[in-house]
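To start, the structure itself, in structure tokens.
The values are calculated or read from the model by the stated rules, or taken from the named source; none is laboratory data. These numbers come from a predicted model, not from an experiment. Quick note on the areas: whole protein, heavy atoms, side chains included, nothing else; ligands and nucleic acids left out. Shrake-Rupley method; radii C 1.70, N 1.55, O 1.52, S 1.80 Å.
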Amino acid sequence: MLYTIFEKIRRRSQASVLKHHPGVSLKGLRSGTDNHFILDPDLERVTLGQGASFRNYIHILVGKNARLDIGDDFFMNNFCSINCLESISIGNHTLFGEKCQII
């Protein structure tokens with residue numbers, strides 16, 4: 001039970017990173033456990049489409065002046081990562097299997 005409480009707190013904290021960054025546009029987000037979103041204060045843009053869903057242990061890094069655009073109905077499975085240092089665009093209805101890495 002205590003683990004569940006701490007996990008909810010961590011999930012809200014990571015969602016807060018996305019919601020309060022001025023360069024991020026969210027239309028909807030479902031997030032699993034122990035995900036990490038690391039956003040440079042000077043990133044250009046992050047866009048998450050309607051129905052974006054991230055499972056567990058996801059790592060997303062968006063660097064300075066970088067652009068990350070994710071379309072509608074996106075799904076990322078467990079242990080995936082995205083390291084966006086310039087520009088990455090992922091289309092609508094895209095599914096990532098476990099342990100995929102985009103660099």
Just to be sure I understand: with springs between alpha-carbon atoms less than 10 Å apart, which residue in Arg67, Arg30, Arg45 has the highest mean-square fluctuation in the Gaussian network model of the chain? Arg30
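Determine by what factor the alpha-carbon radius of gyration of the chain differs from 2.2 N^0.38 Å, reporting the quotient. List each step's numbers first, then the result.
On the way: Rg = 12.9 Å, N = 103, 2.2 N^0.38 = 12.8 Å.
Working it through for the chain, the quotient is 1.01.
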So which lysines pass the test for Lys8, namely a Cα distance under 25 Å, with those fewer than 8 places away in the same chain ruled out? Lys19, Lys27, Lys99
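Report, to the nearest whole %, how much of the accessible area of the chain belongs to carbon and sulfur atoms, 1.4 Å probe, protein only. Mind showing how you got there, number by number?
On the way: 3230 of 6160 Å².
The C+S portion of the solvent-accessible surface of the chain is 52 percent.
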With a probe of 1.4 Å, find how much accessible area region 1-52 has per residue, and write the answer as a whole number in Å². 66 Å²
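Over the alpha-carbon set of region 12-52, divide Rg by the Kirkwood Rh and report the Rg/Rh ratio to two decimals. Present the calculation step by step, with values, prior to reporting the outcome.
Values: Rg = 10.0 Å, Rh = 10.7 Å.
Computed over Cα atoms, the ratio is 0.93.
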Give the long-range amide H neighbours of Asn35: residues separated by 5 or more places, or on another chain, with amide H under 5 Å away, using H modelled in the peptide plane at 1.01 Å from N. Tyr57, Ile58
